[in-house]
Amino acid sequence: MIHRMIIDTDTAADDSFALLVGLLHPNAQLEAITIVSGNVDFEQQIQNALITIEVAGRSGEVDVHLGARVPMARPWYAASAHGDGKGNHDFPVPRQAPSVERAADALIRIVNENPGEIDIVAIGPLTNIATAIMLDREFPQKVRSLQIMGGCDNSVGNVTAAAEYNFYVDPEAADIVFRAGFDVTLVTWTLTLARALWTRAQLAELSALGTSLSDFFTILDTPNLEFNAGMKILGSTHPDSMTAMLLVRPDLITASGRAFVAVEHASEMTRGYSLIDRRAAPERLNATMIDDIDGEGFYLAYRELLARGPRG
Ligand code: BDR
Ligand code: CA
């Protein structure tokens, strides 16, 4: 099945790897990329997305729309795991320029032109998605599915003990999105540590593929690997590319279930905490939790993508 998708991204490292899934996987038809404030400087994120398109051999084929430059109610908070998000490496200046149409407008236009046909993969703070809801109240019902990377399964986060980065940065937006009525699938940081942590041996195998895409992957991945080592995480983490891959390869999902999900935005101590309640009454269930996946299968699917190389 071909998935027509929009990827909403704070483009740095693993976001770029998720874009490669949209740009190159045979089951994906990427309709647009929308950029949201998050991981690194906003202008850098734009460049990182355009560089990724160039490396994928798809220059000029997928529009990049610029969205929220700050979260809804908080100052911008950078992630410390990614350097400049492109492996601190100098790539040639990409040929493509960003679109003049803003992210929320593009999201609304594309979804309204194709009601019930577009999947959104949201791999950054949820500011752009919340903005689209505020501009078009029926937006959630017209989106086919919303795949979100964020939160923890009632366990320790990667920014604070309570919170994962994407929900921590814009908890107000996350709150709006989870109450809006989307068909949400949630991929958490908890699952990332369990199933999308690639060892140095696996990374060496990817590097040895020797394709232009595997070189790109290794360059961008290295700061994350080094950052994680300092956090006693043995390998590099791939939450965003896992989220994109599970959309086009749902056969990799081995356990999932419905839950009520809510994001804390009032308490400073637990800011961005994701409450995941599987005991909630049926009418309150608002998300499908991905509880487990075939982690080796995900790695192999990604390896195949890098081995195949760019389009064209
Ligand atoms: C999420 O935060 C970002 O740093 C990553 O890109 C990912 O989307 C993981 O917590
Ligand atoms: Ca991200």
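The values are calculated or read from the model by the stated rules, or taken from the named source; none is laboratory data. Source: prediction; values computed, not measured. Heads up, the Cβs are rebuilt from the backbone with ideal geometry, glycines too, and the neighbour counts pull from every protein chain shown. Surface accessibility is based on the protein's heavy atoms, side chains included, excluding ligands, DNA and RNA. Shrake-Rupley method; radii C 1.70, N 1.55, O 1.52, S 1.80 Å.
Counting only strands (runs of 3 or more DSSP E) that fall entirely inside the stretch 1-72 and contain at least 2 residues that are within 16 Å of L305 (Cα to Cα) and in contact with a helix residue (DSSP H, G or I) (Cβ under 6 Å, 6 or more places away or on another chain), the qualifying elements are 28-35.
Has the stretch 280-294 got at least one residue that is of a type in the set (G, A, S) and in a loop (DSSP other than H, G, I, E, B)? Yes, some residue in the stretch 280-294 is of a type in the set (G, A, S) and in a loop (DSSP other than H, G, I, E, B).
Looking only at the stretch 15-27, decide whether some residue is more than 13 Å from ligand 2 (Cβ to nearest atom), open to solvent by 30 Å² or more (accessible area, probe 1.4 Å) and either over 18 Å from A106 (Cα atoms) or in contact with a Ser or Thr (Cβ under 8 Å, 6 or more places away or on another chain) (or both). Scanning the stretch 15-27, I find at least one residue that is more than 13 Å from ligand 2 (Cβ to nearest atom), open to solvent by 30 Å² or more (accessible area, probe 1.4 Å) and either over 18 Å from A106 (Cα atoms) or in contact with a Ser or Thr (Cβ under 8 Å, 6 or more places away or on another chain) (or both), so the answer is yes. Flag not set for A307, criterion: crowded, with 22+ Cβ neighbours inside 10 Å and under 21 Å from R58 (Cα atoms). Taking (1) within 13 Å of ligand 1 (Cβ to nearest atom); (2) of a type in the set (A, V, I, L, M); (3) in a loop (DSSP other than H, G, I, E, B); (4) closer than 24 Å to I133 by Cβ in turn, A79 satisfies each apart from (4).
The requirement of being modelled with pLDDT of 95 or more, open to solvent by 20 Å² or more (accessible area, probe 1.4 Å) and part of a loop (DSSP other than H, G, I, E, B) is fulfilled somewhere in the stretch 239-259, by at least one residue. Residues in the stretch 197-217 that are open to solvent by less than 50 Å² (accessible area, probe 1.4 Å) and in contact (Cβ under 8 Å) with a residue 60 or more places away in the chain: W198, Q202, L206, T211, L213, S214, F216, F217. Scanning the stretch 252-259 finds one or more residues that are over 24 Å from A130 (Cα atoms) and within 18 Å of the chain's Cα centre (by Cα).
Of the candidates R195, R109, R137, R179, the single residue that is in contact with a Gly (Cβ under 8 Å, 6 or more places away or on another chain), away from ligand 2 (no atom under 16 Å from the Cβ) and at negative phi is R195. How many residues, within the stretch 28-46, are open to solvent by 10 Å² or more (accessible area, probe 1.4 Å) and away from ligand 1 (no atom under 16 Å from the Cβ)? Count: 5. Within the stretch 118-168, the residues that satisfy the criterion of being farther than 23 Å from R4 by Cα and either open to solvent by less than 10 Å² (accessible area, probe 1.4 Å) or polar (S, T, N, Q) (or both) are G151, C152, N154, S155, N158, T160, A163, E164, N166, F167. Every listed requirement among (1) under 21 Å from C152 (Cβ atoms); (2) in contact (Cβ under 8 Å) with a residue 24 or more places away in the chain; (3) within 16 Å of ligand 1 (Cβ to nearest atom) is met by D292 save one, (3).
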